[in-house]
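What follows draws every value from the coordinates through simple rules; no lab data is involved. Here the structure is a predicted model, which means the values were calculated and not measured. Positions of Cβ are backbone-derived with ideal geometry, glycine not excepted, and every protein chain shown enters the neighbour counts.
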Amino acid sequence: MNGRALVAWNLRRLRVDQLISQDKLAADACVDRAYLGGLERQAENPTVDLLDKIAKALAVPLEELFREPSPDEIPPRPLKGGRKPK
């Protein structure tokens, strides 16, 4: 798995595990939501500074964004779309 794919996999894994929407994570990390979506789709190439912001917003060490998935690990599924009720 290349670096961009690895970051995309782990970004979605961590976000979905914590039940955080792209909108919320983008706001917490001070990043555009469309750009964050591009990171998860491997369409964008993030800087180390941006990865630091995202890791801090997810409250995980930076190396969590580079964790190699095990061969039998199922890709993280997107969260159910739509706004959450307040």
Between GLU44 and residues 5 or more places away or on another chain, the pairs with built amide H atoms under 5 Å apart involve LEU39
Partner lysines whose C-alpha sits under 22 Å from that of LYS80, ignoring same-chain residues fewer than 8 away, are LYS24
Karplus ³J(HN,Hα) for region 30-42 (6.51 cos²θ - 1.76 cosθ + 1.60, θ = phi - 60°; Hz, whole; x = Gly/Pro) runs 6, 10, 5, 4, 5, 5, 4, x, x, 5, 5, 8, 6
Mean separation of Cα contacts under 8 Å (at least 6 apart) over the residue count of the chain, i.e. the relative contact order in percent, is 41
Taking a crude spin-label model, label points 7 Å out from Cα along the C-beta direction, the GLU68 to ARG33 distance in nm is 3.6
With a Förster distance of 30 angstrom and the Cβ-Cβ distance between ALA59 and ALA5, calculated FRET efficiency to the nearest 0.05 equals 0.80
Plugging the Cβ-Cβ distance of THR47 and ASP17 into 1/(1 + (r/R0)^6) at R0 = 25 Å yields, to the nearest 0.05, a FRET efficiency of 0.55
Taking Rh as the Kirkwood radius computed over alpha-carbon pairs of the chain and applying Stokes-Einstein at 10 °C with viscosity 1.306 mPa s, one gets a diffusion coefficient in µm² s⁻¹ of 122
